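The values are calculated or read from the model by the stated rules, or taken from the named source; none is laboratory data. Small disclaimer: the values here were computed from a predicted structure and weren't measured. When we count neighbours, we look across all protein chains shown, and the Cβ atoms used for this are built from the backbone with ideal geometry, even at glycine. Surface areas here come from the heavy atoms of the whole protein model, side chains and all, with no ligands, DNA or RNA. Shrake-Rupley method; radii C 1.70, N 1.55, O 1.52, S 1.80 Å.
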Amino acid sequence: GTQFFVAVDPVTGKTKMAVGAGKVSASTVTTNSDDTQTTSITYLYPTQQITLDDRDETTDLDLKVEFLDLEDFIKQASPEILKELVLNKAEIDKENDAFIEKKKKELEAGLVTGDQTTMSIKNLSDLDKVKKNLDNLVGNIAKGALAENKLDQKSLDKIVEDANKKIS
């Protein structure tokens, strides 16, 4: 059920990863001056992205996690990727609903999840905002794909029709 996107800029070498559903880890390994290696790991959740320039830029990858830049994502993604995301709306929604339900149970049990640099959800109001963002993600991708001429209206209508057939 995990839906994510990885791109490497062929000119700059920057690597970007964005998550639409599920949880994905990102890690770097840095060689220290004494030839030992340090591994840094962070986790990305739906509607988050990370961009890395090189392995030595930071030892705390959490500082590189940010909210998805939807316009930039749509510009970088191919029409085929955008089409597949819209077609997989039912699966994305299912995965994200499970994520929201898990976070709701954690909050009801008194657990505060995340920290300031990853997906911080401190109360049910925060969780409701996250849920609204997740609910609107695929629709906003479709809208952006149309605006950027990545997909034409006729193709998008057919993709939405096919996606709706998957929704029970």
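Only residues that are within 20 Å of Lys83 (Cβ to Cβ) and of a type in the set (Ser, Thr, Tyr) were counted in the range 1-46, giving 1.
Checked against the criterion of being open to solvent by less than 20 Å² (accessible area, probe 1.4 Å), polar (S, T, N, Q), part of a strand (DSSP E or B) and out of contact with any Gly (no Cβ under 8 Å at 6 or more places or on another chain), the candidates Thr42, Thr51, Thr38, Thr30 yield just one match: Thr42. Taking the conditions (1) modelled with pLDDT under 90; (2) of a type in the set (Asp, Glu); (3) open to solvent by 40 Å² or more (accessible area, probe 1.4 Å) in turn, Glu71 satisfies each one other than (1).
It is to be established whether one or more residues within the range 8-15 are part of a strand (DSSP E or B), in contact with a strand residue (DSSP E or B) (Cβ under 6 Å, 6 or more places away or on another chain) and surrounded by 14 or more Cβ atoms within 10 Å (Cβ to Cβ). There is at least one residue in the range 8-15 that is part of a strand (DSSP E or B), in contact with a strand residue (DSSP E or B) (Cβ under 6 Å, 6 or more places away or on another chain) and surrounded by 14 or more Cβ atoms within 10 Å (Cβ to Cβ). From the list Lys94, Lys83, the lone residue that is basic (Lys, Arg), open to solvent by 30 Å² or more (accessible area, probe 1.4 Å) and farther than 24 Å from Leu127 by Cα is Lys83. Within the range 103-126, the presence of a residue that is within 24 Å of Glu161 (Cα to Cα) and not hydroxyl-bearing (Ser, Thr, Tyr) is excluded. Selection within the range 112-138: residues that are of a type in the set (S, T, N, Q) and over 18 Å from Lys64 (Cα atoms). The member of this set that is modelled with the lowest pLDDT is Thr113. Remark: pairs (first residue in the range 78-100, farther than 19 Å from Ile159 by Cβ; second residue open to solvent by 40 Å² or more (accessible area, probe 1.4 Å) and assigned to a helix (DSSP H, G or I); Cβ separation under 6 Å; 6+ apart in sequence or on different chains) = Ile100/Lys131. For the structure I just gave you, tell me whether Leu63 is open to solvent by less than 50 Å² (accessible area, probe 1.4 Å) and part of a helix (DSSP H, G or I). No: the conditions fail for Leu63. Filtered by the rule that a residue be over 15 Å from the mean Cα position of the chain (by Cα) and under 30 Å from Lys14 (Cα atoms), the range 85-108 gives a lone residue, Leu87. Checking each residue in the range 115-168 for being among the polar types (S, T, N, Q) and open to solvent by 80 Å² or more (accessible area, probe 1.4 Å) picks out Gln116, Asn133, Asn136, Asn149, Gln153, Asn164, Ser168.
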